[in-house]
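Working notes, beginning with the structure itself.
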Amino acid sequence: MAVDKTQFHVLAVDDSLIDRKLIERLLKTSSFQVTVVDSGSKALEFLGLNYEDDDHNDNEHEQRDSNSDEDEDHQDLGVNLIITDYCMPGMTGYDLLKRIKESSCFRDIPVVIMSSENIPSRINRCLEDGAEEFLLKPVQLSDVNKLRPHLMKARSNSKDFDSH
Amino acid sequence: MNHMAIAALKTQRRNLVQSMFDEGVLDNQFNQLQDLQDSSNPNFVEEVISLFCNDAERIITELNRYLNDQNVDFSKLDSYVHQLKGSSSSIGAYRLKLACVNLRQASEERNMEECAGAFNSIRREYYVVRSKLQVLIQLERHIVNLENQQ
C-alpha cells in the first residue's frame, strides 16, 4: 500500500486574493491536490454541507442521509484537510471550524487555522475547539510540511483507508 | 555576448533586491515568494506582485475616501487597513506593513491628524515598493528574454 505516494486533497479558504494564490502555490509545491475558495460558506458548499442545515440532530441526519448523497460526495471529493484563514467577513475561520466539527460527516477532517494576528486567547480557543494547528501568517513552506502528519494520521484512522 | 549581458542583468537584479532588503522595503517573506517560483511557475512572483498592486491601489483609494468623510467610519477604515497589512505582509513589503500598523493605531485612537499622517506614509511606502518592484519585473523579463534566446 503506497500511502506516501497518494495525493492528499486540501481545501483552502481565504478571503484575500493574494493569500489564496500563495497558499495554493505552497500546497501544490508540497504535492497536495488543492481546491481554493474565498469564504466559509463556499467551503461548506463545496463539501456539500448546506450551511443553513442543522445537522446536530442525529436522527434527522440519518433520515436525510438515505435520501441525500452527502456521504458519497464526501468520499468522491476526498477532502483530507481544511486550511482556513481566521479573519473573514461573514463566516470566520472559527465559525467554519465549529460547523465542520459539529457535522457528523466531516468532523474527522483535520482543520488548520491561519491568522496574521498572534492572539493567544484566539489560538487557544481554536485548538480547544478542534483545530489541529494554528499557523501564523505569512504561512511558510515549513508550516505546510507540518500538515502531512495530520493527514497521514487522519487517513490511518478512517474506516475507508482502502478506498484510495 | 548574451551571457555577459545576462550576468550583468542578474547582478543588477541581485543588487536591487539587496538594496530593498537593506532599506527595509522588503523582508524575508519576499525570498519565500521567489523560492516558490520555478520552471513550472515561471511568472509566479510577477503575478503575485501584480495582484498585490491592484489590490493595494483599490484599498488606498477606499482609505482616502473614508478618511475624507465628514464622519469617518473607523471600523470600515480598520477593515481596509487590516487587508492591506495582510497583503503587504504576504509579499514581504515590510515598510508598507509598518505604515499600516501605524494607521491602525491612529484609527484605534480616533486621532484624525495621526490618521492623515499615517495614510500619507502608506501612500508613500506603497509607491516606493511598487516602483522598485516594477524595475525588478522589467529586469526579470529582460533576463528571461535573453535566456530564451540562448
| query | residue A:133's amide H: which non-local residues (gap 5+, or another chain) put their own amide H closer than 5 Å, with H modeled 1.01 Å from N in plane and none for Pro or chain starts? | reply | A:113
| remark: Per the 1/(1 + (r/R0)^6) rule, R0 = 35 Å and r from the Cβ atoms of residue B:41 and residue B:68, FRET efficiency to 0.05 is 0.30
| Under the Karplus relation 6.51 cos²θ - 1.76 cosθ + 1.60, θ = phi - 60°, what is the ordered set of whole-Hz ³J(HN,Hα) values for segment A:105-120, x standing for Gly and Pro? | 6, 10, 4, 7, 6, x, 10, 10, 10, 10, 8, 7, 10, 8, 10, x
| remark: With label points set 7 Å from each Cα along the Cα-to-Cβ direction at residue A:108 and residue B:137, the distance between them in nm comes to 4.7
| remark: Expressed as a whole number, the average count of other chain Cβ atoms within 10 Å around the Cβ atoms of A:12-21 is 4
| field | Local net charge near residue A:87, Cβ-Cβ under 9 Å (Lys/Arg +1, Asp/Glu -1) | value | -3
| Full extension from residue B:124 to residue B:11: what is 0.36 nm times the residue separation minus their Cα-Cα distance, to one decimal in nm? | 38.0 nm
| remark: In the structure shown, of A:21/A:137; B:10/B:97; A:21/B:85; B:76/B:97; A:137/B:85, the pairs separated by more than 20 angstrom at the C-alpha atoms are B:10/B:97
| remark: Taking N as the residue count of the protein assembly as shown, its alpha carbon Rg divided by 2.2 N^0.38 Å gives 1.14
| residue B:58/residue B:145 FRET efficiency (R0 41 Å; Cβ-Cβ; nearest 0.05) | 0.85
| remark: Per DSSP, the loop-located GluC sites (Glu not before Pro) within segment B:79-147 having at most 15 other beta carbons within 10 Å are B:109
| said: Per 0.36 nm of contour for each residue apart, how much would the distance between residue A:28 and residue A:119 grow if the chain were fully extended, relative to their Cα-Cα spacing? | reply: 29.9 nm
| task | Throw me the Rg/Rh for segment B:2-149, computed over C-alpha atoms with Kirkwood Rh, two decimals. | result | 1.07
| note | Interchain or sequence-distant (5+) residues whose placed amide H lies within less than 5 Å of the amide H of residue A:39 are A:14
| field | segment B:98-150: trypsin sites (Lys or Arg not before Pro) in DSSP coil with no more than 11 other Cβ atoms inside 10 Å | value | B:110
| Calculated from backbone phi, Karplus (6.51, -1.76, 1.60) coupling profile of segment A:124-137 in Hz, x at Gly/Pro | 4, 4, 5, 5, 5, 8, x, 5, 6, 8, 10, 9, 8, 7
| task | Work out from phi, with θ = phi - 60° and the Karplus expression 6.51 cos²θ - 1.76 cosθ + 1.60, the ³J(HN,Hα) of each residue of segment A:138-144, listed in order in whole Hz, and give x for Gly and Pro. | result | x, 5, 9, 4, 5, 5, 5
| request: Could you sort A:111-122, B:79-90 so that the peptide with the highest average Cβ count within 10 Å comes first and the rest follow in order? | output: B:79-90, A:111-122
| Suppose R0 equals 41 Å; then what is the FRET efficiency for residue B:113 and residue A:142 from their Cβ-Cβ distance, rounded to the nearest 0.05? | 0.45
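Here, each number is a calculation from the coordinates, and none is a lab measurement. Small disclaimer: the values here were computed from a predicted structure and weren't measured. Virtual Cβ from ideal backbone geometry, glycine too; neighbours counted across all protein chains shown.
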